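S.K.: My structure is below; once you've seen it, I'll send some questions.
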Amino acid sequence: MSEHEYVPKSKAGKWFNDRLPLLTLANHLTDYPTPKNLNYWWTFGGILTFCLITQIVTGLVLAMHYIAHADMAFGSVEHIMRDVNYGWLIRYIHANGASMFFLAVYIHIFRSLFYGSYKSPREIIWIIGIIIYLLMMAAAFLGYVLPWGQMSFWGATVITNLFSAIPLIGEGIVTWLWGGYSVDNPTLTRFFTLHYLIPFLILGLVVLHIWALHIPGNNNPIGIDIKKPSKDTVPFHPYIVIKDGFALLMFMIVFAFFVFYTPNILGHADNYIEANPLVTPAHIVPEWYLLPFYAILRSVPDKLLGVIAMLSAILILAALPWLDTSKIRSAVFRPLYKQFYWILVADVLILGYVGAMPAEGLYLLIARIATAYYFLHFLVVLPILGFKERTTPVPLSITEPILGGSPNLATVKNKDSFKG
Amino acid sequence: MKKFYRVLFLLILFVGFQFSSKAAEKVEYLKTDWSFKGPFGKFDRAALQRGYQVYQEVCSSCHSMKYLSYRNLVEKGGPEFSLEQAKAIAASFEVKDGPNADGEMFMRPARLSDKFVMPYENEKAAQAANGGAYPPDMTVLVKARGGGVDYIYSLLQGYEDPPVGVSLDDGVYYNKYMYGNKIKMSNQLSDGLVEYSDGTNASVEQMAKDVSTFLMWTAEPHLETRHRMGFKAIVYLIILTVLVYFSMKRIWSRVKTEV
Amino acid sequence: MTEKKTNRRDFLFTATYAVGAVGAGAVIWPMIDQMNPDASVKALASTEVDVSSVDPGKTITVLWRGKPVFIRRRTQEEIAEAKSVDIEELKHPEKDEDRAKNPEWLVMLGVCTHLGCVPLDQKGDYNGWFCPCHGSHYDISGRIRKGPAPTNMEIPEYKFVDANTIKIG
């Protein structure tokens, strides 16, 4: 940050800024030089910030009316839906907001994978991002338990039982998590507490994520290092602010459609049946955003190994900056990687699909192949590709793509916002 | 742009998968035209009032409605009974109140602020009276079943003789829309079972439709507000999006001159 | 840039800001309104009380909207005392007739108008109520006579449904 360049104009501003340089920070954020060729896949950072704030604000409101007690939780949610002023709206925003949050984070992650944003010098940003993603999954899972419907209860039972796979101490850990011999009131109250805590941890990590981003600056679609500020960059305000705002509004239209017209389509009907420890629903399915990992879990026939596989599937992402050996960031100049990238996207979608299906017959076979490929992609394909792949020529700057002739450059140039 | 279409294609494929997977597991339900479907859908007041009557005369002897209060019957977007009608309905039920000054519980006529009186004291009592099967609470039943309102509508009309080779225990009935086809509730509706005060012919189909409409409302009492607000919200968002789009074009045009 | 162009741009930006601000306001309102009393709370606005067992000179306290309501069956002496007070002397002049339509029964919100404590029955300098929190003295009509409270104790809306039943609210 350039602390010494900015001096507030007013005397009071200067007085304040000398003691707490908030104005310097604001100035840094507005002037922050951003590559001017960022495409719309880059707007999801801003959209995610919106999602987080929406979840925190609506969550605070819900917590004012929700009762974390096994006998009253389900009824208190109905109370919110029926009696609280705008309660139905706030709850539907919160419930669908979780799905929208994950939709945005998946696009954000896959954008990073395509343009190599995780590579040096942005490894720390990436790893913080993975931690945020893990915390999001934890928050989503804990939150799903709170309405105390059948899916809440049995989801909580199944997921906490994953810990019983740990040899020797597993059973003890599960009992400790539950605070009893089954998922019950103590479990619910602690889940509520943790569900309330995690978003603020995420908020803190988001600050670190952005801080770490502002050291090297944004990656960009052609993945080259750029001089800042230069004619390759524009100040964050108003250029990126308005563009992020435009994308956010488009996103909000989709969001609003879910909230107002199909608010329950992403949820499961069984969660409108109050939790009953005596009856398990016909099939237990997690929310859509956890399905790929659920498929990986079920594809391994061993309890412990299944859990390990599922965890590794996420943790392997943290090692990605070192598994990908290519010096070129953007897939635009990596014809082979681009093919494998789309195979990976399809692979994850297939995992999501079979995750929703019963784990038997053909589905199980597909799940196993897709799981194997998932790990193959990161552990074998990426390291080898970096050495073997013949990349196409990379331009030296955004404004002067001096190395013409590459078919990809045309694409890049079109992405150069609003010039054409 | 090619990339964008490819992503779009994959997304559509994925969503398609999801729907086909849902479609695969459900039977084809009976169709009827629901007035509350669609972005401008509203409840049919008369149907809601008739549906309440069916619930009251037929269902409520076994099925509770524990999240609904008598005052809800008056509220906008619902059956919209008049205040007097709703008060009379409430007063026809007895609720337990207390303790009074002597420390004793007593019965009194229900008021608008009371919740619907339950047919059984608790779940165990309900099971005991119904051969071990618990008649589910009906308040959010529509949302608690995968097929939603169509499922309820079909189920009520889905009783038939079991096919050859299917044997049923005592107190178990065959219904072609029930999951597993075996249901512990016997066929409840028959033509002319209730006498509608508005003169509507109480056919099985009519009663099934009315009570399903009523159950849709009890599950989603704010549906009409939601639809209305949703339309306004989306129109607003589109207007703002257009304005922001042109503002964005204007702002980014400066870069072009600079470059 | 030409003058005309600048104007048009200004209008566009102003319109965008204005429309955006309207939306922000519309979003904030549900977040505020959710803290107002909800439908179930509003529905509980009335309570019926059986007062047949209250003897003269006794007060019962009932709960209404989460607050205590004092229902005192006053003796003839108390009624006479309440009526004899010179209205002009009072901090908050109100006739006893206006406070107790049926002079035998005083129905009032048992909440001190100073800072909301519940005053004690038959205490204080005026044989009425005395608030232990900050020393406000009320007379047998619930009128403020001494101490920091600004007004008399509030009379809720109530009516006699029959001779023995009072409906508050």
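S.K.: By how many degrees, 0 to 90 and rounded to 10, does the Cα axis of helix A:185-214 deviate from the longest principal axis of chain A?
M.R.: In chain A, helix A:185-214 runs at an angle near 0 degrees to the longest axis.
S.K.: Further, regarding this structure: With unit charges on the beta carbons (Lys and Arg positive, Asp and Glu negative) and the dipole taken about the Cα centre of chain B, which residue among B:LEU73, B:LEU237, B:LEU83 sits farthest to the positive side?
M.R.: Positive-most Cα among the choices belongs to B:LEU237.
S.K.: Nearest 20 debye, what's the magnitude of the dipole of region C:48-169 about its Cα centre given +1 on Lys and Arg Cβ and -1 on Asp and Glu Cβ?
M.R.: Numbers: 17 positive and 20 negative charges, 77 e Å.
With only Lys, Arg, Asp and Glu charged at Cβ, the dipole is about 360 debye.
S.K.: Hey, another quick one. Roughly what percent of Cα-Cα pairs across chain C reach past 21 Å? Write down the numbers at each step before the final one.
M.R.: Working: 8350 of 14196 pairs.
Across chain C, Cα pairs with separations above 21 Å total 59 percent.
S.K.: Here's another thing I want to ask about it. For region A:21-88, what Kirkwood radius comes out of the mean inverse Cα-Cα distance, in Å? Don't skip to the end; give the middle numbers.
M.R.: Details: mean 1/r = 0.0642 Å⁻¹.
It works out to 15.6 Å.
S.K.: How big is the Kirkwood radius of the protein assembly as shown, worked out from every pair of different alpha carbons and given in Å to one decimal? Walk me through the intermediate numbers first.
M.R.: Numbers: mean 1/r = 0.0311 Å⁻¹.
For the protein assembly as shown, inverting the mean 1/r across all distinct Cα pairs yields 32.2 Å.
S.K.: Related question: Let me test this: with uniform point scatterers at the alpha carbons of chain A, what is the Debye-based log₁₀ I(q)/I(0) at q = 0.08 1/Å?
M.R.: Debye intensities relative to I(0), on a log10 scale: -0.52.
S.K.: On to the next question. What is the ratio of the Cα radius of gyration of chain B to 2.2 N^0.38 Å, with N the residue count, to two decimals?
M.R.: Numbers: Rg = 24.8 Å, N = 259, 2.2 N^0.38 = 18.2 Å.
That ratio works out to 1.37.
S.K.: Quick one: order A:LEU305, A:LEU48, A:LEU23 from most to least accessible surface, probe 1.4 Å.
M.R.: Details: A:LEU305 100, A:LEU48 20, A:LEU23 65 Å².
Descending order: A:LEU305, A:LEU23, A:LEU48.
S.K.: Taking only protein heavy atoms and a 1.4 Å probe, what accessible area per residue, in Å², does the protein assembly as shown have with all protein chains in place? Display every interim value, and only then the final one.
M.R.: On the way: 42100 Å² over 848 residues.
Per-residue value: 50 Å².
S.K.: Once the whole set of protein chains is in place, how much accessible area is left on B:MET107, using a 1.4 Å probe, in Å² to the nearest 10?
M.R.: B:MET107 exposes around 110 Å² with every protein chain in place.
S.K.: Of C:ILE87, A:ILE131, which has the most accessible area with a 1.4 Å probe, and how do the rest follow in descending order? It would help to have the intermediate numbers written out before the result.
M.R.: Values: C:ILE87 45, A:ILE131 75 Å².
The ordering from most to least exposed comes out as A:ILE131, C:ILE87.
S.K.: Longest exposed-loop-site-free stretch of chain A, with chymotrypsin sites (Phe, Trp or Tyr not before Pro), DSSP loop and at most 15 other Cβ within 10 Å? Don't jump to the answer; show the numbers that get you there.
M.R.: On the way: sites that count: A:TYR181, A:PHE418.
Result for the longest clean stretch: A:182-417.
S.K.: With contacts defined as alpha carbon pairs under 8 Å and 6 or more residues apart, what's the relative contact order of region A:59-130 in percent? The partial results should precede the final answer.
M.R.: Working: 27 pairs, mean separation 13.3, N = 72.
Across region A:59-130, relative contact order equals 18 percent.
S.K.: Just to verify a number: what accessible area does C:VAL161 come out at with the full protein assembly present, 1.4 Å probe, Å² rounded to tens?
M.R.: Answer for C:VAL161: close to 80 Å² accessible.
S.K.: Sticking with this one: Mind checking the mean number of beta-carbon atoms from other chains within 10 Å of the Cβ atoms in B:142-155? Walk me through the intermediate numbers first.
M.R.: Working: counts 2, 8, 9, 4, 4, 1, 2, 0, 0, 1, 0, 0, 0, 0.
That average works out to 2.
S.K.: Helix A:335-356: angle to the longest alpha-carbon principal axis of chain A, degrees 0 to 90, nearest 10?
M.R.: The two axes meet at around 20 degrees.
S.K.: Can you list the residues, at least 5 places off or on another chain, whose amide H is less than 5 Å from the amide H of C:LYS146, using H built in the peptide plane?
M.R.: Residues meeting the amide H criterion: C:HIS137.
S.K.: Which whole-percent values make up P(r) of region B:37-189 when all C-alpha to C-alpha distances are grouped in 5 Å steps starting at zero?
M.R.: 2, 8, 13, 18, 18, 15, 11, 8, 4, 2, 1, 0, 0
S.K.: Here's a follow-up. Using protein chains only and a probe of 1.4 angstrom, how many square angstrom of C:ASP86 are accessible, to the nearest 10?
M.R.: Its accessible surface works out to 80 Å², give or take rounding.
S.K.: Averaged over peptide B:226-236, how many Cβ atoms belonging to another chain are found within 10 Å of each residue's Cβ?
M.R.: Details: counts 7, 2, 1, 8, 8, 3, 2, 11, 6, 0, 6.
Average per residue, whole number: 5.
S.K.: Based on the inverse mean of 1/r over its pairs of different Cα atoms, what is the Kirkwood hydrodynamic radius of region A:1-146, in Å? If you can, show how the numbers build up before the last one.
M.R.: Details: mean 1/r = 0.0536 Å⁻¹.
Every distinct Cα pair counted, the radius reaches 18.7 Å.
S.K.: Around B:GLU75, which amide H atoms from residues at least 5 apart in sequence, or from another chain, sit under 5 Å from its own amide H, with H modelled in the peptide plane?
M.R.: Residues meeting the criterion, in which the H sits 1.01 Å from N, are B:GLU80.
S.K.: Could you sort B:MET216, C:MET35 by their accessible area in this structure, using a 1.4 Å probe and putting the largest first? Walk me through the numbers before you get to the answer.
M.R.: On the way: B:MET216 25, C:MET35 130 Å².
Result of the area sort, largest leading: C:MET35, B:MET216.
S.K.: Looking at region A:316-376, which trypsin sites (Lys or Arg not before Pro) are DSSP coil and have at most 13 other C-beta atoms within 10 Å of their C-beta?
M.R.: Numbers: sites: A:LYS327, A:ARG329, A:LYS338, A:ARG368; in loops: A:LYS327, A:ARG329.
Here the sparse-neighbourhood loop sites are A:LYS327.
S.K.: List, in order, the whole-Hz ³J(HN,Hα) value for each residue of region B:237-248 obtained from phi through the Karplus relation with A = 6.51, B = -1.76, C = 1.60 and θ = phi - 60°; use x for Gly and Pro.
M.R.: 4, 5, 4, 5, 4, 4, 4, 5, 4, 5, 4, 4
S.K.: Run lengths n ≥ 4 of DSSP H only: what is the helix-derived mean residue ellipticity at 222 nm for chain C, with -39500 (n - 2.57) per run over all residues, to the nearest 500? List each step's numbers first, then the result.
M.R.: Details: 4 runs with 49 residues, N = 169.
That comes out to -9000 deg cm²/dmol.
S.K.: Please list, in chain and number order, the residues 5+ apart from B:SER69 or on another chain whose amide H is under 5 Å from its amide H, with Hs placed from the backbone.
M.R.: Under 5 Å from the amide H of B:SER69: B:PHE116.
S.K.: Given the options A:ALA247, A:THR280, A:LEU290, identify the residue whose Cα lies farthest towards the positive end of the charge dipole of region A:226-361 (+1 on Cβ of Lys, Arg; -1 on Cβ of Asp, Glu).
M.R.: Final value for the positive-end residue is A:ALA247.
S.K.: Percent of accessible area on the protein assembly as shown owned by carbon and sulfur, 1.4 Å probe? Could you put the intermediate results ahead of the total?
M.R.: On the way: 26700 of 42100 Å².
Of the solvent-accessible surface of the protein assembly as shown, carbon and sulfur hold 63 percent.
S.K.: In peptide A:259-271, how many Cβ atoms from other protein chains are near each Cβ within 10 Å, on average? Don't skip to the end; give the middle numbers.
M.R.: Values: counts 4, 11, 8, 0, 5, 4, 3, 1, 1, 2, 9, 3, 2.
Mean shielding count: 4.
S.K.: Measure nothing but the geometry: give the 0 to 90° angle between the long axis through the Cα atoms of C:3-33 and the longest principal axis through the Cα atoms of chain C, rounded to 10°.
M.R.: Approximately 30 degrees, to the nearest 10.
The values are calculated or read from the model by the stated rules, or taken from the named source; none is laboratory data. Nothing here was measured: the structure is a model prediction, and the numbers come from that model. Every residue, glycine among them, receives a Cβ derived from its backbone with ideal geometry; neighbour counts consider all protein chains shown. With ligands, DNA and RNA removed, areas are computed over all heavy atoms of the protein, side chains included. Shrake-Rupley method; radii C 1.70, N 1.55, O 1.52, S 1.80 Å.
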